[in-house]
Structure formats: structure tokens, C-alpha cells
Amino acid sequence: MPELWKISGLQLARMIASKRIKPSELMEAVLARIDEVNPKVNAFCTVARDSAMAEARAADKKVARVRSLPPLFGVPVSIKDLILTKGLRTTFGSKMYEGFVPEQDEVVVERLKAAGAILLGKTCTCEFGYKAVTDSPLWGITRNPWDVEMTPAGSSGGAAAAVASGLGPLAVGNDGGGSIRAPASFCGVFGLKPSRGRVPIYPLLPGWETLDRRVAHIGPLTRTVADAALMMEVMAGRDDRDPVSLPEGKMGFRRELKRGIRGLRIAWSFDLGYAVVDKRVKVAVESAVRVFAELGARLEEARPDFPSMHEAFQLLFAADCAGAIGERLEEWKERLDKGLVRLAEFGLKASGSDYVRAVNKCHLLWERLQVFFEKYDLLLTPTLPVPPFPVGIDWPKEVAGQKVHPLNYLAFTYPFNLTGQPAASVPCGWTSDRLPVGLQIVGRRLEDVTVLRAAAAFEEARPWADRWPEV
């Protein structure tokens, strides 16, 4: 048997249910791995060691006396530090909330616990998840397990680094512009941003109500597509505390994974007409795209007529920052991330009409995308335009020898937050210096299952889960 920390969540759940391993044995193995590796990567900001072991020991006794167990019984799961956890400190990566202990769980945490999962702890994020690398004034720098001098991206960088390093098989992140898919790409794991409303969001981050409802999505980060599908079966479903939650009941995501992609109409684009992309990413993505043709899809290079949304997205995000922390900015600005301060100050200067124009531009983007997806079932792009870059910078200033807009870094991810479509990142290659590259799979509105089908088909053709960093 391989080390327990190397086994997928789905396999572990089956091994526990069949009494091949005890939940406490698994928890001891994962906690030992965290003790060994977390000091090197800083994936966890809080480890719930005592409660996790107590729950695992209680689970040992339950296995012996209960015939039918819930689907994630005894399996460890980590929660990003932007997601509320009852009785467990939730800081949002900020000194503003350094001692904050929520009085209730978010819906997703409620559901994971009800499914038998055991909460390992909280994973690191940048402050309020505002940028796509993972460092904060409170918790410092999170590092990429493939090369600790590199960033794991963000803002769910702690979650992705944990899964990539074997610090628990399942992680929950959230994504307001690429914050699940970007770390999945840089850390060589699978990450799914579900359709808006597929996983309910409640309660909301204090002060961030507009952002949460408009562009934020909660989703899984895992080593395998099947693990993510299992998590989605637990996490997805209507909850009227979130008024945009989708009305569909529970969905059999795993049931669909073996259907394949033969006959699907799939478009691919290296740049969406406006992004600047590193040659190493292009090589990896071009190789990956050929796999979809080999699997029977009807593949076509596309030149979509999508408007660049850089200025609109930046203004909307800045306005949300201003709305969330603007009233406390003068009091806290010396203790906040400097980039967050600049973004909030920019948001405070925006007018109501500026905001309305940005929102209207989002409607134009959706109109263009809706027409595009009348022709295609899926769209393939790079997840990010660059491979992992060094810690200490927030985004690449140049790509392929060209100076670029800061949002060139997220050019392929954030548009699909504005439209609410499902999108996933799969590992599709490694550079010559062993750094991961991700391929993004974007689906039609509400077609999460089709995205997972395509990801599973690619995983079967180009498996990645047995490849581990030497951290």
C-alpha cells in the first residue's frame, strides 16, 4: 500500500467504508505529512490538529457499528481561510480579522461535515483574496511545492499547494477572477470553478456582498477529477439563503465521467484575441489540444470576438474593495497589503456612472459569449499565460518580451467569472525546469457536467495524479 497521504479521497473513503484503514490512521498520516512539509510551503495558516484527531477517533468507533456511511466519511478536507468555519479562526488573511472566530459554518462546510468529512484546518490566502498570488501581511508567503522560490498563484494558493504536496486529498477554494484555476495551474492539480450558484455561498465575507454574489464561486481543488466530482455531489444544490443558488437538486457528477467527449464541438484559442502568452505555455497547450481530437472531439481553432474586459473588471473589483474596507482604510492602511490599499483608493474615486458602464460591459461580454457557445460545447485555452514565476511579485510585468497590463496574467480566467460559466484547469504539461502548466476547459452556462467529462477524458489519456513534487 502506498503512503496514505498519496491516496485519492475517493479511494480513501472506500478503504474506510470497507474497514481496510481506520480514520485515525489516515488522520495521523496526513498530520505527520503536514508537520514535515508545511514549514517549507506555508499552505496551512491554521491546523485543527486536536479536533481533527478527536473526530477521527470518534469515526473509528462509528465505522464498527454503522452499516451505511456518508460519502466522505473520515476523509480529511481543508478549507480556504476566506470561507467561514464555526469555532475555527477565519482571518481572510488580514490583521483586521486576526482573532475572528465565526459562530456558524458556510453552507459548503455544513455539507462537507454532514457527508462525514473531517476538517483539517484553514489554508492560506492573500488578504481578502484580492490578488492572484498567495502572501499576506498576517501569514506571510505561501510557496509552490514544485519550486519553493516560485509562487503557487492565488488566491487559493494554500489549498492548491496543500493538495499538490499531499497535505490532505481534498481542498475547498473560491474563485472571483481565477483564484481556483490559477493555483491549480501553477501547482499541477485539478481545480473546478462551478457555474455561478451551483455551490451556494452563505454567509458572505463581511463587507464583500456585491463581489460574492456577482463573480465569486466556491469549488474543489483535488488531485483527480473523480475526487472533484465526488465533492461536487456533496457541495452542490439549492439553498435559499443564497438567492442566486441554482434550483437543480443533487446531481450525479461521477456518473457522467465515463461518457467521453466523442462528437463534442470544441473550440480552442491561444490568446482569445488579446492575451500575450509565453512560448512554453503555447507548446504545452498545443500538445494537450491534440489529445481532444484523438479522443473523438470535433476540434476547431477559433478567433472569438470577445471584448477586453481589463478596465471594467479592475473597476468592479476596486469598487468592491472600497465598499468592503473603505470606511476603515485610514485606520488600517499601514497594516494592510499595499496593493489592496491602492485598489481600494482607486475604487473610492470611481463614480456611480463608471460602475454602471463596467456592469454594462459585462452584459456585452455575455452576449458575445452566448453567440459563441451556440456553435461550440467547450472552449480550451491556457489557464494562465505564463508558467509559475518567483514569489515577491504580484504579476508578470512582461510576457514574451512585451510589457503587459496587470490583468494579462488572468486574461483567460476572470472573463468567465463575469459570465458565471463553469471552467476547470487540468495539468497539461511541465516546463523543462519541472514547473506545471494548466489547460482551461470552459463550458456552456450550467454545463458543469460537460466540463468534468472533458477533464476526465483528458486525465485518462494524460494522467497526472502520480506525479509528485520533491518538496
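A short reminder: the numbers here are calculations on the coordinates, not readings from a lab. On a predicted model such as this, the values are computed, not experimentally measured, just so you know. Glycine also receives a Cβ, built like all others from the backbone with ideal geometry; neighbour counts cover every protein chain displayed.
Here are some notes:
- Debye, to nearest 20: dipole size of region 413-471, +1 on Lys, Arg Cβ, -1 on Asp, Glu Cβ: 200
- The convex hull of the Cα atoms of region 95-165, projected and averaged over all directions, covers 5.6 nm².
- Rounded if a/c under 1.5, otherwise prolate or oblate - region 211-316, Cα gyration tensor axes: oblate
- Distance in nm between pseudo-label sites at ALA32 and GLU327 (7 Å out along the Cβ direction from Cα): 5.1
- Under the span-like rule (Cα at least 18 Å along the axis, Kyte-Doolittle mean at least -0.5), DSSP H helices of the chain: 23-41, 279-294, 310-325, 352-372, 448-461
- In the chain, the alpha-carbon atoms span a convex hull of 133 Å³ per residue.
- Per-residue ellipticity at 222 nm from helix content only, as computed over the chain with -39500 (n - 2.57) for each DSSP H run of at least four residues, stands at -11500 deg cm²/dmol.
- Restriction of the trypsin sites (Lys or Arg not before Pro) in region 256-295 to DSSP coil positions whose beta-carbon has at most 16 other beta-carbons within 10 angstrom yields ARG262.
- Debye intensity ratio I(q)/I(0), log10, region 36-166, q values 0.12, 0.18 Å⁻¹ (C-alpha model): -0.47, -0.95
- Listed pairs LYS40/LYS338; LYS258/LYS361; LYS62/LYS258; LYS131/LYS361; LYS6/LYS279 exceeding 27 Å between Cα atoms: LYS258/LYS361; LYS62/LYS258; LYS6/LYS279
- Shape of region 134-280, Cα gyration tensor, a/c cut at 1.5: rounded
- Each DSSP beta bridge with both residues in the chain is either parallel or antiparallel, and the antiparallel ones are about 70%.
- Shape of region 309-421, Cα gyration tensor, a/c cut at 1.5: oblate
- Cut-off under 5 Å, modelled amide H: who pairs with SER78 long-range: LEU120, LEU170, ALA171, VAL172
- Integer Hz, Karplus 6.51/-1.76/1.60 couplings in order for region 258-263, x for Gly and Pro: 8, 6, x, 10, 4, x
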